[in-house]
Amino acid sequence: MAQAEVLPEVTKFTEQPKMIIGGKTADAVTAKTFEVIDPSTGKAFTEVPLGDLADVDAAVAAAREAFEDRRWAGLRPGKKTEVLFKIADLIKRNIPELAQLESLDSGKPVKLASGEIWAAAEAFRYYAGWPTKFHGETNATDDNMFSYSLREPLGVCGGIIPWNFPMIMASWKVAPALAFGNTVVLKPAEQTPLTAIRLAQLCLEAGVPDGVVNVVTGLGPQAGQALAQHDNVDKIAFTGSTEVGRKILHATEGNLKRVTLELGGKSPNIVFADANIRRASKGSMMGVFLNSGQVCTAGSRILVESSIHDEFVESLVESTESMKVGPALEEDTGMGPVVSKEQLERVTGYIDIGRSEGAEVATGGGVPGDLNGGYFVNPTIFTGVRNEMRIAQEEIFGPVAAVIKVDDVDEAIAVANDTIYGLAAAVWTESLSKAHRVARGIRAGTVWVNTAGLYDPGISFGGYKQSGYGRELGLQSMETYTQTKSVWINLK
Ligand code: ADP
């Protein structure tokens, strides 16, 4: 299958991508850069500034100034709406370019990347509705007094995001921050810094004032840490691993800034005997292998009722084997490489662990023969897994599924909840009452019934337990991007 041509605008952008600080392009203060690698080839295709503490300082100063002089917060609500819609339109207009950039940067197939860019635009479209809709309240109090509450922005919001869905993650941080009148410093993951920069450019083009959206590229322990620690930052919205989430939390304690954490998962995907097996196997397959399994909500523990185990596994293996593993820019690729060499080693390491724990490989179990320098892994299904095994407890963040037998609804709920995580779950059944029983019994922030992996900017998203706290999207994001002030007026 032919490789799609790299678009001229992608080539042009990758000639010299730079940070965006105070509305201008910026090199790192040290002038250092780091390479950006294409996971389909293992080769560097561009470099970006290696931002550090000094660059974070500059970006935070720009965001602070833009917040204090109210150049964004002070705009008429309808004007903010207009600008947010314009960002959504610009993203949609540039889908081919942004999708290719995302594919080159992250290794995801270009069709999946196009869907991701579209979803990022939809997040801006959703939040475009908010500036004209949120408001304070009047409060009941003594007859001599009048009290009302103002709903105000938090200030400078830092967004620290991962590499699995770079553009969606950027939009989930920037769009709500802007809708509620905040300013932003975004730190994309070092593996995938490009679309965040492009998004900041599109924000400027749409009329977001200088300094309101800033992007610092750099490494987590330097640029990320500096942002999380910064005394002039009012909030950190972090998406990433539970391990780094803990570090973020420690780093933020100095000025007690607000924190939301969207962390790891080991989500159960439960298939009952009364499910539509074909639909369940296809949905479970996408639920665990989409984006090469690099999805925080991946349904990586597949709990199957014993009586249909063999039939279900056969169907799951068949749909998995029909998916072509290949380079991101090839049009018939169903699953691209994993994002980096480290990730490849981590995933193959877990495949070895699964084997040594006594689980059986039903399909996959290694890397394809013809790697051509890319970080490819065959989608792998383990059967005979017990929930206490490491491959059932630890987040692999790669294309590895663990199939576990369960005997009934109670056991399914118990096994599903036997994890430190609680991000999401899927349940496949034709029984209405069983679906509701499981939805109520599972301790997770999202439960999908007869579907998996769905998101909507209008529906809140976040974790139970060690999958994090705070909610993104939907009505609840108003709470996490604003604060209220109670005003008292003496009427006497
Ligand atoms: P993943 O495990 O998916 O690579 P991480 O949790 O390691 O995700 O990284 C998510 C984001 O957190 C990235 O932008 C990364 O640069 C950043 N990061 C990593 N370590 C730190 C740290 N110590 N402090 C702040 N940010 C960090």
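Worth a mention:
- Put simply, of GLY224, GLY211 the only residue that is within 7 Å of the ligand (Cβ to nearest atom) and buried (at least 20 other Cβ atoms within 10 Å of the Cβ) is GLY224.
- Scope region 259-274; condition assigned to a strand (DSSP E or B) and in contact with a Ser or Thr (Cβ under 7 Å, 6 or more places away or on another chain); matching residues: VAL259, THR260, GLU262, ASN269, VAL271
- Test: residue in region 92-105 that is over 24 Å from ASP456 (Cα atoms) and either in the same structural domain as SER171 (by TED's automatic domain parsing) or surrounded by 19 or more Cβ atoms within 10 Å (Cβ to Cβ) (or both): yes
- Within region 231-242, tally of residues that are part of a loop (DSSP other than H, G, I, E, B), more than 7 Å from the ligand (Cβ to nearest atom) and either touching a strand residue (DSSP E or B) at 6+ places or on another chain (Cβ under 7 Å) or closer than 15 Å to LEU261 by Cα (or both): 3
- Any hit, region 392-399, residues being part of a loop (DSSP other than H, G, I, E, B) and either away from the ligand (no atom under 16 Å from the Cβ) or hydrophobic (A, V, I, L, M, F, W, C) (or both): yes
- If you check GLY254, GLY240, GLY245, GLY224 for being modelled with pLDDT of 95 or more, of a type in the set (Gly, Ala, Ser), outside the structural domain of VAL409 (by TED's automatic domain parsing) and farther than 30 Å from PHE376 by Cα, only one passes: GLY254.
- Which numbered condition SER103 fails, given (1) closer than 18 Å to THR192 by Cα; (2) in contact with a strand residue (DSSP E or B) (Cβ under 7 Å, 6 or more places away or on another chain): (2)
- For region 253-285, the set of residues classified as over 30 Å from LEU104 (Cα atoms), buried (at least 22 other Cβ atoms within 10 Å of the Cβ) and either charged (D, E, K, R) or within 16 Å of the ligand (Cβ to nearest atom) (or both) consists of LYS257 only.
- Residues of region 1-59 classified as farther than 20 Å from VAL215 by Cβ and in contact with a Lys or Arg (Cβ under 8 Å, 6 or more places away or on another chain), total: 1
- Looking at GLY474, GLY441, GLY458, just one residue is surrounded by 16 or more Cβ atoms within 10 Å (Cβ to Cβ) and in contact (Cβ under 8 Å) with a residue 24 or more places away in the chain, and that residue is GLY441.
- The combined condition, being within 15 Å of the ligand (Cβ to nearest atom) and crowded, with 24+ Cβ neighbours inside 10 Å, is fulfilled by PRO193.
- Single condition THR217 does not satisfy, out of (1) under 18 Å from the mean Cα position of the chain (by Cα); (2) away from the ligand (no atom under 16 Å from the Cβ): (2)
- Hey, VAL288 crowded, with 23+ Cβ neighbours inside 10 Å, modelled with pLDDT of 95 or more and either assigned to a helix (DSSP H, G or I) or within 12 Å of the ligand (Cβ to nearest atom) (or both) or not: yes
- Taking the numbered list (1) under 19 Å from the mean Cα position of the chain (by Cα); (2) buried (at least 22 other Cβ atoms within 10 Å of the Cβ); (3) within 30 Å of VAL304 (Cα to Cα) in turn, SER241 passes all entries but (2).
- Looking only at residues of region 394-435 that are hydroxyl-bearing (Ser, Thr, Tyr) and crowded, with 20+ Cβ neighbours inside 10 Å, we find that the one that is nearest to the chain's Cα centre (by Cα) is TYR421.
The values are calculated or read from the model by the stated rules, or taken from the named source; none is laboratory data. Computed from a predicted structure; not experimentally measured. Positions of Cβ are backbone-derived with ideal geometry, glycine not excepted, and every protein chain shown enters the neighbour counts.
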